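Here's the structure, in structure tokens; my notes come after.
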Amino acid sequence: MNLPVAWKRLAATLALTGLAAGCASTSSSEAPSGPVTVNVWVMGDGVWKDFYSRLANRFHTENPDIQVQIDFIPWDQGHEKLITAAASGSGPDVATDGGRWTAELAAMGALEPLDRYLTPAYRNDFVEAAWETTQWNGHTWGIPQGFTTTGLFYRTDWLRAIGCEHPPQNWQEFKDVAKKMTQHHHFGFSLVGDNSMETTMCWVPFLWQNGGDLLTPDRQHAAFNSEAGVQALQFYVDLYRKDHAVPASALSTKRNDSHQMFLHDIAGMTATGPWFFSEIKREQPDLKYAVAPHPVGKQAATLATTDHIVMLKTAARKQAAWKWIDYVTNPENSQAWSKTAGFIPYRKSGLHDPNFTRDPNYQVLISATQNARAYPTLPEWPQIDNLLSDAIQTALAGKRTPKEALDDAAQEVDEILADSN
Amino acid sequence: MKRRKFWFPVLWWASALLFLAFLVFPVLWMLSTSLKPSSEIFHTPPHWIPEHPTLHAFTTLWQRGNFLRYLTNSLLIALATTGIAVVVSSMAGYAFARLPFRGRKSVLFGILTAQMIPGVLFLLPIFVLIKQLGLLNTYAGLILANVAFSLPFAIWMMYGFYKHIPAELEEAAWVDGAGVGGTFFRVVLPMGLPGLSSCAVFCFLNSWDEFVFALSLTTGDELRTMPVGLFHFVGQYGIEWNYLMAGAVLVTIPAMLFFALFQKRLLSGFAAGAVKG
Amino acid sequence: MTQPRKLTRFWRIQTSTQAFLFLTPALLLLGLVLLYPLLNTLWLSLQHKVLIRPDRDAFVGARNYIKAFVDPRIRAAALHTVVFTVGSVGLKVVFGMMGALLLNVNMRGAGWVRSLYMLPWLVPSIVASLVWRWIFHDQFGIANAMLQSIGVPAVNWLGQDATAMVAVILVDIWRGLPLMTLLLLAGLQMIPRETIEAAMIDGAQAIQRFWRVILPQMRPTLIMAGTLSLIGTFNSFNIVYVLTGGGPAHATEILVTRVFRVAFQNFNFGYAGTLAVLIIVLITLLTSVYNRLLNESGEEVQA
């Protein structure tokens, strides 16, 4: 490193007292000759890494003037890294983000609206439920880079052993099956109750199935503490505390733990998405299982989650950055990605791909899109998400009744929403 | 001395084994899991001794991840941190022990307090600082943070150590015409060796253990250290415990080697530095 | 008499040149990486600064501090910190003392015992916590398997309040016992052998010897090692973060993990700064107690 520059920077740093100054510093660089570099953050390891490394190489072959430099960041760290980087101006040009963070980043002023790059044909090809999540405040802030619903994975052999013909179709049947499957070291359902956003993701379908909602239609207040919400949480808590149809460790169960319980004869049912298929194939290829839609309460509902690819406002080479986004999200690569990662197709042109439709289990998850809903896209969502998972945990732990827990959370959510106007 | 009764060794060994059972069993379980094939991990009840021991987890880890890279990163950062921190702290410790100057007491108290502050509390300001210095995603940035957070305790240790070395020897060397540098290098430094080695062990293990800076001051996996790499191993999907435990075994071995190297003088260094003050 | 004059010159040279020279690198580093962030945090603590709402940044004076004193989550975290710290340090001191007495004995094979004893210290705390998470695994962990093999029902270690706290304390003890024992052993070896032998000649039995001779002599060491460990444990972030993440339902949330959550989950850096400052004030108080103890033991930090 060039020492004088370092000293100058050091002096500048010492002079700073506020962080704000740190955010404002932008180094204007001369246009470099040679290939342009686009810095990209891809969230996720494993399949993500293999797929996107290869994609970046292919992209570079087709666009020799653009070099894509990818850093892979585990999902757990993604939110934290993106926000801190955005706030201090040290972010990448393009990043993957969980769709639930997009509005937050946009409200921070960290993202580049993408509307001007889009043609109507381009946007119309995306599945509506996926596309909606990219909209906030009248602009498009990201492009879907993965989309999925969840369903009920169940052990067919266990189901037969308790004398059931078909997977549970409504809440009552679900509860009965879960209770009947529970014997010896076996449990009916592996409930995710760890203190993380996964806990919210797993409970919210129950809220919707019971006719409840997360927020009021004007998005000014919490609505999850309605009668329907309280009932839905009560149902959840009863499975654990009253019927003991859920392993005792529910409060320290993450989604990956729940997968393992399903794979290794601990739990007979788990609610998760299509990425689980490849894990089953790898770990327990002989597992006898099938996928059913979530049991219906007052109505059918499932949660659709969408990952986005976004461009940061600080991106130096916006055209090149867009080229990469466009490449990643083109029909061919979107489809290949869905297949690799275990997502359902999110471009209409890919919906009838026999690779997906042939598999009845996959078909269940694709059909579920009809009843799928997404989290509200609003900047405060990540905070609401945390408060909800706290409430669910508190109720599961028996520290508060479902009503008390949800009321407490609702009060805080109301404050947050009021404060944001 | 009175002769020990015959039951003394029996009692001693019984209690020693009790202590070791608690202290060592997690490491044994780690080793045992790392030698199991994936199919055996989820056996209930689990067995201590793998039925089909295999190095599969180690070889997979080697091939798949960048674990060799993480290990090298950890080692590089820990060694550099140790080197710099030992030199800087022995100089400062010597100054505090020998050279009376104004405000020494307050500076020492400040350093003592600094030693107690966890890095987590300063994560954001340090992130911004490292960014301003242009050292995000560099070894230098991580080493800088690690050195700074190892220094207070190291200085304190070296200060205590030098204080207990009689000044007469230095004076004698000076009278013999050794000069300032000569006195330090020929007399002070050799006498400080036990202190230096316990200081080195401390700094090395401190850096080896460091997590939050390694997590926040780097982005990709080029500069990831072993603790961060293993932490991320518990990913979004399944946890492969045998691979994770293989990684845990790999990260423990270098620390053991380093410790073995300096173990002999560790105790006297601690005695002088930390306990006597 | 040339010698004293020469010596005076020696110390003068030492003072003038070396003090500055020798201290500069350390002070520069500490100033940059510790003092600057400290000042920055102080400044931050007086601001309303939530990263996700940059438009609302403002100077708010003591408002964050007032909030901290009435925040029920902080009160809960403080309580957990006390339980965790007192539990862990108390047991570390008791067992560390026993371990030090044990390791102080010269016996065939004692070298091996000493080396193995230090093993937990060599496992990075993050890794140690991951290993223990696997040990405590509800279904496949060895802890429950061992309990069940002696007829005790399985324990839901990390999934309920009390046992999660026990688990966190246990792991902290496991990691911290070697260092604690090492400090106490160092103190033990400073007790003059004659003192112990004198007591032996007086016919004091082992247990009496411990209470009457060793313990009083060890008092300063015990207090100092205890204080050091108190502060270290108080700040034990890694273990809690990885083992329980502060859960279940915040049951093991301690102050430092709370600060981390406020900062990196809510991105409320102003408030997190305030909490950090309060913790540092607390640490400074504890440190001054430690410093006084050092002084009382006759090793005063002289001006």
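The values are calculated or read from the model by the stated rules, or taken from the named source; none is laboratory data. This one's a predicted model, so the numbers in the text were calculated from it and none came from an experiment. No Cβ is skipped: glycine too gets one built from the backbone with ideal geometry, and neighbour counts run over all protein chains shown.
Here are a few things to note about the model shown:
- Taking the stretch A:317-400 as the region of interest, the helices (runs of 4 or more DSSP H) fully inside it that hold 3 or more residues being of a type outside the set (S, T, N, Q) and out of contact with any His (no Cβ under 6 Å at 6 or more places or on another chain) are A:318-329, A:331-341, A:360-367, A:381-396.
- Only one entry of B:117, B:130, B:126, B:155 meets the criterion of being facing chain C (nearest Cβ under 7 Å), in a helix (DSSP H, G or I), aliphatic (A, V, I, L, M) and more than 16 Å from the chain's Cα centre (by Cα), and that entry is B:126.
- Top-ranked residue of the stretch A:45-89 - restricted to ones that are touching a strand residue (DSSP E or B) at 6+ places or on another chain (Cβ under 8 Å) and charged (D, E, K, R), ranked as surrounded by the most Cβ atoms within 10 Å (Cβ to Cβ): A:81
- Residue B:169 without any contact (Cβ under 8 Å) to a residue 24 or more places away in the chain, within 14 Å of chain A (Cβ to nearest Cβ) and either within 15 Å of the chain's Cα centre (by Cα) or part of a helix (DSSP H, G or I) (or both): no
- Helices (runs of 4 or more DSSP H) completely within the stretch C:196-303 that count 3 or more residues being closer than 30 Å to residue B:164 by Cβ: C:215-234, C:269-296
- The condition (being farther than 24 Å from residue B:122 by Cβ, facing another protein chain (nearest Cβ under 7 Å), among the polar types (S, T, N, Q) and surrounded by 23 or more Cβ atoms within 10 Å (Cβ to Cβ)) is satisfied by just one residue among C:181, C:221: C:221.
The rows are residues; the columns are (1) acidic (Asp, Glu); (2) closer than 30 Å to residue A:81 by Cα; (3) in contact (Cβ under 8 Å) with a residue 24 or more places away in the chain.
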| residue | (1), (2), (3) |
| --- | --- |
| C:187 | no, no, yes |
| C:207 | no, no, no |
| C:236 | no, yes, yes |
| C:254 | no, yes, yes |
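- Among the residues listed as A:399, A:348, A:403, the single one being modelled with pLDDT of 95 or more and either basic (Lys, Arg) or touching a helix residue (DSSP H, G or I) at 6+ places or on another chain (Cβ under 8 Å) (or both): A:403
- Residue check, residue B:220 out of contact with any His (no Cβ under 9 Å at 6 or more places or on another chain), within 14 Å of chain A (Cβ to nearest Cβ), farther than 24 Å from residue C:235 by Cα and in contact (Cβ under 8 Å) with a residue 60 or more places away in the chain: yes
- Residue tally, condition under 16 Å from residue A:240 (Cβ atoms), assigned to a helix (DSSP H, G or I) and more than 27 Å from the chain's Cα centre (by Cα), over the stretch A:177-205: 3
- When residues in the stretch A:215-235 are screened for being more than 14 Å from every other protein chain (Cβ to nearest Cβ) and not in a loop (DSSP other than H, G, I, E, B), 10 of them pass.
Here is a yes/no grid of residues against (1) more than 17 Å from residue A:375 (Cβ to Cβ); (2) touching a Ser or Thr at 6+ places or on another chain (Cβ under 8 Å):
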residue	(1), (2)
A:196	no, yes
A:200	no, yes
A:227	yes, no
A:239	yes, no
A:243	yes, yes
A:252	yes, yes
A:255	no, yes
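- Restricting B:201, B:147 to residues that are under 25 Å from the mean Cα position of the chain (by Cα), among the β-branched types (Val, Ile, Thr) and within 23 Å of residue C:224 (Cβ to Cβ) narrows the list to B:201.
- Residues located in the stretch B:80-114, provided they are surrounded by fewer than 22 Cβ atoms within 10 Å (Cβ to Cβ), under 30 Å from residue B:229 (Cβ atoms) and either at the interface with chain C (Cβ under 8 Å from one of its Cβ atoms) or without any contact (Cβ under 8 Å) to a residue 12 or more places away in the chain (or both): B:83, B:87
- Filter pass, residue C:186 being facing chain B (nearest Cβ under 9 Å), assigned to a helix (DSSP H, G or I) and of a type in the set (Gly, Ala, Ser): yes
- Any chance residue A:377 is more than 10 Å from every other protein chain (Cβ to nearest Cβ), buried (at least 17 other Cβ atoms within 10 Å of the Cβ) and of a type outside the set (A, V, I, L, M): yes
- Elements of the type helices (runs of 4 or more DSSP H) sitting completely within the stretch C:94-158 and holding at least 3 residues that are more than 14 Å from chain A (Cβ to nearest Cβ) and over 18 Å from the mean Cα position of the chain (by Cα): these cover C:110-117, C:142-149.
- Output for the stretch A:132-150, where each listed residue is within 15 Å of the chain's Cα centre (by Cα) and more than 12 Å from residue A:102 (Cβ to Cβ): A:146, A:147, A:148, A:149, A:150
- Only residues that are over 18 Å from residue A:205 (Cα atoms) and within 12 Å of chain C (Cβ to nearest Cβ) were counted in the stretch A:236-249, giving 5.
- Set A:360, A:354, A:345: member being without any contact (Cβ under 8 Å) to a residue 40 or more places away in the chain and either more than 14 Å from every other protein chain (Cβ to nearest Cβ) or among the basic types (Lys, Arg) (or both): A:354
- Qualifying residue in the stretch A:202-213 (condition: in contact with a His (Cβ under 6 Å, 6 or more places away or on another chain) and modelled with pLDDT of 95 or more): yes
- Residue in the stretch B:41-79 that is farthest from the other protein chains (Cβ to nearest Cβ), counting only those that are part of a loop (DSSP other than H, G, I, E, B) and among the β-branched types (Val, Ile, Thr): B:54
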